[in-house]
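*Asks:* Below are the structure tokens for one structure; questions will follow.
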Amino acid sequence: MVNKHEEDIFVESNSSSMLRRVCQICDALVQPGNGDFAYAPYYHFCYECTNKYPPALRKALIDSFFYAACIQGLGIVEFETVHINGDWITFIPHNREMGFENLPYPFPRSLDVPLANILWIADAPNGS
Ligand SMILES: [Zn+2]
């Protein structure tokens, strides 16, 4: 997956150059200082996406690692990364042949879940 930071745009403004970045979720232009720097200083999220999506979910989008989420009606999903499409989250398993463990189906390709059905989500649930 190509990260959107490669689409960074330098904007000349009043003889000083100002770096703007694109929100990793919605493509809105985000100025430094107006986005979310909590996890990855080289990536930005707009205010709307920072408020809508929890920190661990935003990190999972840009930093493949070990994550876990509890999905209402399904149970705990351990995953590597996500895709975000508005109110739908696509979870990607670590092993794309075996799929997820301990679920009714392995879902080896991916699993789509409504954002509202995520009860909790964590980065490195077993520590790092
Ligand atoms: Zn956004």
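Throughout, read-outs are computed from the coordinates displayed, never taken from laboratory work. Being a predicted model, the structure only gives us computed values, none of them experimental. Don't worry about glycine lacking a Cβ; one is built from the backbone with ideal geometry, like all the others, and counts go over all protein chains shown.
*Asks:* Filter the chymotrypsin sites (Phe, Trp or Tyr not before Pro) in the range 36-120 down to the DSSP loop ones having no more than 10 other Cβ atoms within 10 Å, then list what survives.
*Replies:* Details: sites: Phe37, Tyr39, Tyr42, Tyr43, Phe45, Tyr47, Phe65, Phe66, Tyr67, Phe79, Trp88, Phe91, Phe100, Trp120; in loops: Phe37, Tyr39, Tyr42, Tyr43, Phe45, Phe65, Phe66, Phe100.
Those satisfying the criteria are Tyr42.
*Asks:* Separate question: To check my understanding: the extent here is largest minus smallest coordinate of the Cα atoms along each principal axis. What are those three numbers for the range 63-128, in Å, largest first?
*Replies:* Computed over the range 63-128, the largest-to-smallest principal extents equal 26, 25, 20 Å.
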